[in-house]
Amino acid sequence: MATIQATKKQVYDELWSRGEIRFLLYKHQMPIYNKIREILLSKDVDTNSYVIDCSRQFGKSFIMFLIAVEECLRYPKRTVVYVGPLKSQVNEIIDGNTFSVVFAGCPIDLVPKHDGSALEFPNGSRIRLAGTDNRNYLNLRGGAAHLILLDEAAFMSDLEVGVLPTVEPMLKTTGGKLIFASTPPENLDHDYIDILRDHEEAGLISTYTIWDDKSVTEKEIEAIISRCKGKDSTKFKREYECKRVAESSVQVIPELTLEVSQSILLSKQEYLKIQEDPLTQYWRKYVIADWGGRDLTAILFAHYNFRQNMVILDGHLSLVGQDMSSARIAEAIKAKTVLIWPEESYRKHVLHICDSNNILIQSDMINVHGLNFISTTKEKLKSQMVQKVRDWIYDDRLRVAPDAEFALKSASSAHWAKGDKDSFAKSKIYGHYDHLAALVYLIRNVDELTDPLPMLLGKDPNTHFIHPVLRPELVGQTRELANIFNPRKGLSFRR
């Protein structure tokens, strides 16, 4: 086998010509680089945008700029848009260390020229540069782009109403990607919070905290913690652990942290054991509906384990579409009911509950389809109804089957509408968090007082020995015997 010999410079020159310059990165930066490369190569239409949720001092700006340079080196006549919060910060990349470090070893014939608003490469590719202060992003309007990089998006002005409407249309004809990279914002009213939520709900986010940065020494971490006034400070949690700490103030169920949600969600094996429990047939079953119109119709199937004082969500339905008639909804409910509780004995005591928003569809369910839905109200949503759900979660009284995971994610993602702490906000994935609304109705209407277990659990006295004190029909006979024999002191005919 022939051996090709080359100098170190020749190897680097070849890598530059190929647009493969990841050798400039530190080891701890490679996971972020690899994730962005994975997104750029993905053919999935649902991954046209992605969030890199990253702590400070990770070098994310350097990584983003390096990705932009690679794209322009690899593909002729490629346009990459690089946007930062301030024009001065973007200029710093060009005039400061970033540009000089990246291109220090670059062959002279590949180095781009800076014309003030863009880096122009010899192959016709370019990196367009802009800040968002003073609406500088408007200079980007028009033209197409193959990749848009929004660096420190959480600190951009007019992100939702100005920046995104300007840059997103640039991807329409190219099928390009949009990458956000930032630490969480200080202000929870910032548009980026909604972007984080939407991408988190869709699974289009990767988080890298200071604990993922293996290049930081223990002494350096101690210094950072000291500057932040402690490990438990809001600043450290937000900037270095990527926690949206203050966001709990707008969360509907702040108790549903990632860790709690994982503990609530049952595995298939755990749920199978619940289904195989012979007592399950006696527990009260519930079908809860939050009717939609143009919005989502959310339906939960659940039962209440009286012995463990716990609600188990068995399954869910998410029905959408303006042509979703009451007949189709009823058909779906009946089919799902049989699927979840296949034994007829399990379906003897099913209570149907719904919101009071749609009297017509409720009437159809009762009179046409034989589903006797009882309405519940949304009064005192925050002060009483939601609080009871929070209490049950805090007291560990909820479990969720795999088939109802969507409802759990809806509940954990839900937040209050801005300026209105008595109504849920709207999500692109979970609607008005309708499955949480159904969960609220469920917890409000669970019968915690009536023991559903029948006496003797339905055992037949003709086939099983049952002690007389447990047989109510013998109570009268026992008393008659006591009167006849007038027992001496010490003998007893008590039940």
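The values are calculated or read from the model by the stated rules, or taken from the named source; none is laboratory data. Keep in mind it's a predicted model, so treat the numbers as computed, not measured. Virtual Cβ from ideal backbone geometry, glycine too; neighbours counted across all protein chains shown.
Structure notes:
- Hits in the range 151-175 (condition: within 26 Å of the chain's Cα centre (by Cα), in a loop (DSSP other than H, G, I, E, B) and free of Cβ contacts under 8 Å to residues at least 60 places away in the same chain): Asp158
Yes/no matrix, rows are residues, columns are (1) under 24 Å from Glu200 (Cα atoms); (2) in contact with a Phe, Trp or Tyr (Cβ under 7 Å, 6 or more places away or on another chain); (3) assigned to a helix (DSSP H, G or I):
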| residue | (1), (2), (3) |
| --- | --- |
| Cys72 | no, yes, yes |
| Val80 | no, no, no |
| Val83 | yes, yes, no |
| Ile93 | no, yes, yes |
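- Restricting the range 137-150 to residues that are farther than 25 Å from Val111 by Cβ and not in a strand (DSSP E or B), the residue that is modelled with the lowest pLDDT: Gly142
- Scanning the range 130-181 for residues that are touching a strand residue (DSSP E or B) at 6+ places or on another chain (Cβ under 9 Å) and on the phi > 0 side of the Ramachandran plot yields a count of 2.
- Any hit, the range 433-440, residues being of a type in the set (Asp, Glu) and either surrounded by 16 or more Cβ atoms within 10 Å (Cβ to Cβ) or not in a loop (DSSP other than H, G, I, E, B) (or both): yes
- Residue in the range 389-402 that is assigned to a loop (DSSP other than H, G, I, E, B), more than 17 Å from Arg444 (Cα to Cα), under 25 Å from the mean Cα position of the chain (by Cα) and among the small types (Gly, Ala, Ser) present: yes
- Checking each residue in the range 276-286 for being loosely packed, with under 15 Cβ neighbours inside 10 Å and either over 22 Å from Asn445 (Cα atoms) or touching an Asp or Glu at 6+ places or on another chain (Cβ under 7 Å) (or both) picks out Glu276, Asp277, Pro278.
- Exactly one residue out of Gly124, Gly105 is in the same structural domain as Ile210 (by TED's automatic domain parsing) and either within 29 Å of Pro31 (Cβ to Cβ) or of a type outside the set (Gly, Ala, Ser) (or both), and it is Gly105.
- Picking from residues in the range 331-353 that are out of contact with any Asp or Glu (no Cβ under 9 Å at 6 or more places or on another chain) and in a loop (DSSP other than H, G, I, E, B), the one that is surrounded by the most Cβ atoms within 10 Å (Cβ to Cβ) is His349.
- Checked against the criterion of being assigned to a loop (DSSP other than H, G, I, E, B) and surrounded by 13 or more Cβ atoms within 10 Å (Cβ to Cβ), the candidates Asp314, Asp295 yield just one match: Asp295.
- All helices (runs of 4 or more DSSP H) inside the range 215-265 with 2 or more residues being exposed (fewer than 12 other Cβ atoms within 10 Å of the Cβ): 218-227, 258-264
- For Tyr50, the criteria (1) in contact (Cβ under 8 Å) with a residue 24 or more places away in the chain; (2) part of a helix (DSSP H, G or I) hold in every case but one, which is (2).
- Tabulated pairs, the range 20-33, first surrounded by 13 or more Cβ atoms within 10 Å (Cβ to Cβ), second in a loop (DSSP other than H, G, I, E, B), C-beta under 6 angstrom, 6+ apart or interchain: Tyr26/Ser215; His28/Asp213; His28/Lys214; His28/Ser215; Gln29/Gly59; Tyr33/Leu25
- Qualifying residue in the range 135-147 (condition: of a type outside the set (Phe, Trp, Tyr), in contact with a Phe, Trp or Tyr (Cβ under 7 Å, 6 or more places away or on another chain) and crowded, with 19+ Cβ neighbours inside 10 Å): no
- Here Ser383 fulfils each of the conditions (1) assigned by TED's automatic domain parsing to the domain that holds Leu339; (2) part of a helix (DSSP H, G or I); (3) touching a Ser or Thr at 6+ places or on another chain (Cβ under 9 Å); (4) modelled with pLDDT under 80 apart from (3).
- Residue within the range 105-125 that is surrounded by 18 or more Cβ atoms within 10 Å (Cβ to Cβ), within 32 Å of the chain's Cα centre (by Cα) and assigned to a strand (DSSP E or B) present: no
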